[in-house]
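This report concerns only the one structure given below.
The values are calculated or read from the model by the stated rules, or taken from the named source; none is laboratory data. All values derive from a computational prediction rather than experimental measurement. In this analysis, Cβ positions are derived from the backbone assuming ideal geometry, glycine residues included, and neighbour counts consider all displayed protein chains. What goes into the accessible areas is simple: the full protein's heavy atoms, side chains included, and nothing from ligands, DNA or RNA. Shrake-Rupley method; radii C 1.70, N 1.55, O 1.52, S 1.80 Å.
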Amino acid sequence: MVQENQSTERRGSIRTAVVWDVLDAALAGPPREVVDIGGGTGGSAVRLAASGHRVSVVDPSPDALAALARRAGEEGVEVAGHQGDVAGLVELVGESSADVVLCHGVLEVVDPAAALAAIRAVLRPGGVLSLLVAQRSAAVLARAMAGHFVHAKELLEGGGGEPRRGHRFELTELRELVRDAGFGVDAVHGIRVFADHVPGALLDVEPGAAAALVDLERTAAGREEYLPLATQLHLLCS
């Protein structure tokens, strides 16, 4: 069980390494007011609070918020938890109250235009939005590689939506949405370009494989030709 947990944590750190590279650089300097939408059990929020930032999590699940409180207590940091969703964001945290908003894995299951408008309202002038979404082209490729050719074709022809998984975006669509909400795009990175296709067993038994894969992900993340292969797209907006 310990080895299994270590393997899961290793794969998770590989998948998020590029996002944290970008966030750590963007949040360098004095402490910021950060709002993490859909932050759940605090995987990101606790890390940010440990770095000195003042963090609030907005999540609809009371169980997730309870787990967040336990995790924050174990780490000796304070994170404010608010039960709700992006539709009530302004009421929960206040207008022009945040320097940074994290919206990771949320835009897929809400009205994206309304969500971005709410985020725009709570961000202070000069504030930063970290936006992480699932990408459609990579999902089509993954289904085809797994032999699910009919599903791949349906996703390819049917647009970005799957009932159980939410909407999947293409970069052009995402750029238009954030532009219409009044944001500028400062940086775009492909997340999990290779990581989802590498067997976990290889990372467990091959010395140095995990570190080399992280290095490969970092190298490919900002290259435009590899963006369509990424499972997720990360946009840093202001």
Test: residue in the stretch 182-192 that is farther than 30 Å from Glu95 by Cβ and open to solvent by 10 Å² or more (accessible area, probe 1.4 Å): yes
Residues that are open to solvent by 20 Å² or more (accessible area, probe 1.4 Å), part of a helix (DSSP H, G or I) and in contact (Cβ under 8 Å) with a residue 40 or more places away in the chain, drawn from the stretch 23-41: Ala26
Single residue of Leu102, Leu116 found to be within 19 Å of His234 (Cβ to Cβ) and part of a helix (DSSP H, G or I): Leu116
Count - residues of the stretch 54-85 that are part of a strand (DSSP E or B) and closer than 16 Å to Ala98 by Cβ: 10
Residues of the stretch 114-133 satisfying the condition of being open to solvent by 30 Å² or more (accessible area, probe 1.4 Å), out of contact with any Asp or Glu (no Cβ under 7 Å at 6 or more places or on another chain) and on the phi < 0 side of the Ramachandran plot: Ala114, Ala117, Arg120, Pro125
Filtered residues of the stretch 42-83 (kept if modelled with pLDDT of 95 or more, surrounded by fewer than 19 Cβ atoms within 10 Å (Cβ to Cβ) and closer than 21 Å to Val22 by Cβ): Arg47, Ala50, Ser51, Gly52, Arg54
Considering residues of the stretch 186-224 that are of a type in the set (D, E, K, R) and in contact with a helix residue (DSSP H, G or I) (Cβ under 8 Å, 6 or more places away or on another chain) only, the residue nearest to Asp21 (Cα to Cα): Arg218
Subset of the stretch 210-224 [under 16 Å from Arg192 (Cβ atoms) and either part of a helix (DSSP H, G or I) or open to solvent by less than 20 Å² (accessible area, probe 1.4 Å) (or both)]: Ala210, Ala212, Leu213, Val214, Asp215, Leu216, Glu217, Arg218, Thr219, Ala220, Ala221
Verdict on Leu155 being open to solvent by less than 80 Å² (accessible area, probe 1.4 Å), farther than 27 Å from Asp24 by Cα and more than 21 Å from the chain's Cα centre (by Cα): yes
Residues satisfying the stated conditions in the stretch 120-157, i.e. of a type in the set (Val, Ile, Thr), touching a helix residue (DSSP H, G or I) at 6+ places or on another chain (Cβ under 7 Å) and part of a helix (DSSP H, G or I): Val122, Val140
